[in-house]
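This report concerns only the one structure given below.
Please treat every number below as a calculation from the coordinates, not as lab data. Remember, it's a predicted structure, so these values are computed and weren't measured experimentally. Cβ placement follows ideal geometry from the backbone for every residue including glycine, while neighbour counts extend to all protein chains displayed.
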Amino acid sequence: MKVYIGCFGSGLGHASRMLEVAKELSARNALVEFSSSGEVASLIRGHGYPCNDLPLADVRYSESGAFLLKATLVAYPTILARTYRQLGDEIANIERFGPDVVLSDSALPTVLAAKILRVPAYTVLNQLNLTSSHGNKGVLSRLLSVGTSAGMGRLWEFSDEVLLPDLPPPYTISEKNLWGSNVEKTRYVGFLAPSGGGNPDHAAVEFINDNRPKIFWQVSGPPKTRSSFLRMAMEYSEALAEKYSFVVSGGDPLASTSPTRFRGGWYYGWCGIAEFYFKACDLVVSRAGHGTIGQAILWSKPSLLVPIPKQPEQEGNAEKAAKLGVSIWHRQEALSAEVLEESFGALLSGNYQAATKRIGDLARRFDAKADIVRTIESAAMRARRQPH
């Protein structure tokens, strides 16, 4: 069986969950090839899989990490041109590789290329709609929202099926980005997060043996959104180090995986044992990416969420996680040592602990990886039976 996987090239969450699927497919003797962009492609190749480079087509962010609506609209012709280039590249890549089935994680050109070549295509996706951010109430924001939902959203129906890596209602974290869409052929499969804990190093051993409350601060997201959040992680972990034990991950897949000591605790440029820290910590601090929230819930860990500024998807995720009682969220500009300390105290209380256990128990009833692999294998078997 040959499987071609296309990953959206901004943010590492898409690749992280597809690498889990690829690992299982490879264990079943499938031949897997990827496509993606930039540092995401580098991450995939670092796990030993061939990955075709595609031009990055992404929205614009400021130096402080905020989503830039007007700059994105100005750059829209460039983004669209790169998307067309991706489509042409993917047609050539898929035709050369000759897969039995194509799997896309939020990569629309991969789906369209598979459809053109009449190859079965399945999509993993947690954003069918683009809703307006609270900070963007103007006409431009509404036009971007309506245009994306009504136009781009319908294109996902070229997939044979859209697999939603989330919990079904009323527990759907991405409800603002999924509910009310006009896309059919969708199915909830549960959260898809990296498995295993990794082998603990000396920093991990010290962390787990510390008697203070243990906090794993994970920085993630597109490169421009990480630096400001990382500076906050280092500053506030130092300010609160007497009361809490911190491990900070910088979220750079090209950085060192060795831990270094700093005043606030331990720092990894890239944490290769993040799953261990999700399991060992008492609470998580992170952006409001869908994958990170799902991972925290699967480990029944309460989380403090700081969405990328003015990024509507993450704000929607954070609002729903808070509504479910598993998270507290703050806007980046509202953070301070005092705000964090107050929030940590609340998250370590009984109410949040009980909610994360209850929702975590529900989430662990699903096995998204097994479901996706079964779907891909069945599609490949049907494809082989059909005459070419």
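Miscellaneous remarks
- Summarising the label geometry, the points placed 7 Å from Cα in the beta-carbon direction at Ile208 and Leu31 lie 4.0 nm from one another.
- Judged by the mean number of other Cβ atoms found within 10 Å, the most tightly packed of the peptides 273-283, 355-365, 248-258 leads the ranking 273-283, 248-258, 355-365.
- In the frame of its principal axes, segment 287-349 has Cα extents of 27, 27, 16 Å, reported largest first.
- Glu157, Glu319, Glu338, Glu242 arranged by Cβ crowding within 10 Å, fewest neighbours leading: Glu242, Glu338, Glu157, Glu319
- Sparsely packed trypsin sites (Lys or Arg not before Pro) within segment 297-338, loop by DSSP, other Cβ within 10 Å at most 16: Arg331
- Antiparallel beta bridges, as assigned by DSSP with both residues in segment 202-363, represent about 15 percent of the total such bridges.
- Beta bridges per DSSP, both residues in the chain: antiparallel share near 10 percent.
- Segment 229-297 and segment 350-387 have their alpha-carbon centroids 27 Å apart.
- As a proxy for reagent exposure, Met381, Met1, Met18 were ordered by neighbouring Cβ count within 10 angstrom, fewest first; the result is Met381, Met1, Met18.
- Paramagnetic label zone (point 7 Å from Cα along Cα-to-C-beta, Ala239; backbone N under 15 Å) in segment 324-352: 330-345
- Close amide-amide hydrogen proximity is noted between Asp105 and Gly6, Cys7, Phe8, Val124, each under 5 Å apart and 5 or more residues distant or on a separate chain (H modeled in the peptide plane; Pro and chain starts excluded).
- Potential extension, Leu117-Val74 segment - 0.36 nm per residue separation minus Cα distance: 12.2 nm
- Legend: ranking of residues Glu175, Glu238 from fewest to most surrounding C-beta atoms inside 10 Å; resulting order Glu238, Glu175.
- For segment 202-363, projected area of the alpha-carbon convex hull averaged over all directions, nm²: 8.5 nm²
- Kyte-Doolittle mean at least -0.5, axial Cα span of 27 Å or more - DSSP H helices of the chain: 76-97
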